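Comments concern the structure below.
The values are calculated or read from the model by the stated rules, or taken from the named source; none is laboratory data. Here the structure is a predicted model, which is why all the values come from computation and not from measurement. Note that we place each Cβ from the backbone using ideal geometry, even for glycine, and neighbour counts take in every protein chain shown. SASA here: full protein model, heavy atoms, side chains in, ligands and nucleic acids out. Shrake-Rupley method; radii C 1.70, N 1.55, O 1.52, S 1.80 Å.
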Amino acid sequence: MPAHRRWTPSGPYDLARSLSVLRRGPGDPSFQVTADGAIWRASRTPQGAGTIRLAGRGEAVEAQAWGPGADWLLEHLPALLGAEDDPSAFTPRHRLVHQAHRRHPGLRLIRTGLVLESLIPSILEQKVTSDEAYRAWRLLLWRHGEPAPGPAERMRVMPDPRAWALIPSWEWHRAGVDAKRSSTILRAVRAARRLEEAAAMDLPAASARLQAIPGVGPWTAAETLQRSNGTPDAITVGDLHLPRIIGYALTGERGTDDAAMLELLAPYAGQRHRAARLILLSGRVPPRRAPRFSVRDFRAI
């Protein structure tokens with residue numbers, strides 16, 4: 001029998017929008033949305049593998065959990081759903097941001113408390129297309145993860161650190177992961193305990209802890225801590241698209257770089273990640289001029 005817990009937010013709440021950042025592509029084996037609107041997640045917790053089902057029930061969220069990690073998942077349920085987030089600390093400074101803020105009052109910045117779970121897929125997303133990274137994550141979980149506990153169909157829990165370390169080189173190659181990214185993941189899993197400690201740190205200390213791993217830079221650290229720590233100021237720098245989108249949305253100009261993006265977001269100091277989320281939700285993006293990057297097949301190399 002599953003364990004249960006119920007959580008009631010203090011104000012407007014959008015379950016799907018808040019948790020959407022945890023999904024790594026439409027075929028993510030660790031994240032599933034069923035026809036009834038329920039969200040299923042398979043996680044590797046400090047107590048072991050666990051599966052959690054989340055569904056809105058009136059003004060509350062009902063959770064069921066299975067597996068050795070069930071108690072841990074339910075204990076950390078409020079943080080996962082954004083209970084530790086404080087949207088009232090945010091003040092819109094641009095008309096577009098104000099409109100997005102008004103249209104999405106239920107957005108919360110979630111906190112999983114699990115660093116490696118977000119770090120590994122973020123490393124896979126370094127310098128490649130989203131499709132390449134999603135494919136790699138999907139294949140690696142199917143071949144080296146384990147079946148998710150409970151009744152969820154076709155879901156997988158990511159490997160534990162030892163299992164990641166034992167993946168042979170040809171399996172990384174088969175998943176389309178180059179040596180640089182696979183080596184970074186192997187260094188990360190060897191320091192798994194130290195990295196997981198970052199979930200309890202403030203942003204500067206947590207970012208420094210992650211970036212102590214060669215191959216993990218500011219981009220990867222920010223993408224990880226946005227999810228593991230729910231940090232409202234963990235703005236992503238070094239991204240190919242984000243500065244251009246934010247620059248175009250706020251000024252109508254093209255070609256914005258990281259420095260200009262940070263200048264535009266300066267009025268949101270302490271809340272720059274939240275501001276970026278709202279800007280992305282506004283849907284105002286520059287028209288595409290160039291074709292998409294083609295997906296590289298590392299198996300042919």
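Data overview
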{"item": "Filtered residue count, segment 245-280, keeping only those that are open to solvent by less than 30 Å² (accessible area, probe 1.4 Å) and either assigned to a loop (DSSP other than H, G, I, E, B) or touching a strand residue (DSSP E or B) at 6+ places or on another chain (Cβ under 9 Å) (or both)", "result": "3"}
{"item": "Which listed residue, of Arg57, Arg44, is in the same structural domain as Asp14 (by the TED database), open to solvent by 40 Å² or more (accessible area, probe 1.4 Å) and more than 17 Å from the chain's Cα centre (by Cα)", "result": "Arg57"}
{"item": "Scan of segment 1-23 for residues that are part of a helix (DSSP H, G or I), buried (at least 17 other Cβ atoms within 10 Å of the Cβ) and of a type outside the set (A, V, I, L, M, F, W, C), ordered by number", "result": "Ser18"}
{"item": "Residue list for segment 24-43, filter: in a strand (DSSP E or B) and under 18 Å from Ile120 (Cβ atoms)", "result": "Phe31, Arg41, Ala42, Ser43"}
{"item": "Restricting segment 60-82 to residues that are within 21 Å of Gly37 (Cα to Cα) and not in a helix (DSSP H, G or I), the residue that is nearest to the chain's Cα centre (by Cα)", "result": "Gly82"}
{"item": "Subset of segment 208-240 that is small (Gly, Ala, Ser) and within 15 Å of the chain's Cα centre (by Cα) - its residue that is nearest to Arg23 (Cα to Cα)", "result": "Ser228"}
{"item": "Those residues of segment 87-127 which are in a loop (DSSP other than H, G, I, E, B) and either modelled with pLDDT under 95 or farther than 20 Å from Arg227 by Cα (or both), in sequence order", "result": "Thr91, Pro92, Arg93, His94, Lys127"}
{"item": "Where a residue in segment 226-249 is more than 15 Å from Leu280 (Cα to Cα) and in the same structural domain as Pro204 (by the TED database) and its partner, wherever it lies, is assigned to a loop (DSSP other than H, G, I, E, B) and among the acidic types (Asp, Glu), with Cβ under 7 Å and at least six apart", "result": "none"}
{"item": "Where a residue in segment 21-48 is under 23 Å from Thr129 (Cα atoms) and its partner, wherever it lies, is among the acidic types (Asp, Glu) and surrounded by fewer than 17 Cβ atoms within 10 Å (Cβ to Cβ), with Cβ under 9 Å and at least six apart", "result": "Gly25/Asp131; Gln32/Glu153"}
{"item": "First in segment 135-150 and within 14 Å of His173 (Cα to Cα), second anywhere and of a type in the set (Val, Ile, Thr) and part of a strand (DSSP E or B), Cβ under 7 Å, 6 or more apart", "result": "none"}
{"item": "Odd one out for Trp137 among (1) in contact with a Pro (Cβ under 9 Å, 6 or more places away or on another chain); (2) under 24 Å from Gln32 (Cα atoms); (3) surrounded by fewer than 22 Cβ atoms within 10 Å (Cβ to Cβ); (4) not β-branched (Val, Ile, Thr)", "result": "(3)"}
{"item": "Answer from Leu225, Leu242 - the residue that is within 23 Å of Ser183 (Cα to Cα) and either at pLDDT 95 or above or exposed (fewer than 14 other Cβ atoms within 10 Å of the Cβ) (or both)", "result": "Leu225"}
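Per-residue answers, yes or no, for (1) in the same structural domain as Gly69 (by the TED database); (2) more than 30 Å from Gly37 (Cβ to Cβ); (3) touching a residue at least 40 places away in the same chain (Cβ under 8 Å); (4) surrounded by 16 or more Cβ atoms within 10 Å (Cβ to Cβ):
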position: Arg154; (1), (2), (3), (4): no, no, yes, no
position: Trp164; (1), (2), (3), (4): no, yes, yes, yes
position: Ile167; (1), (2), (3), (4): no, yes, no, yes
position: Gly176; (1), (2), (3), (4): no, yes, yes, yes
position: Ser182; (1), (2), (3), (4): no, yes, no, yes
position: Ala188; (1), (2), (3), (4): no, yes, yes, yes
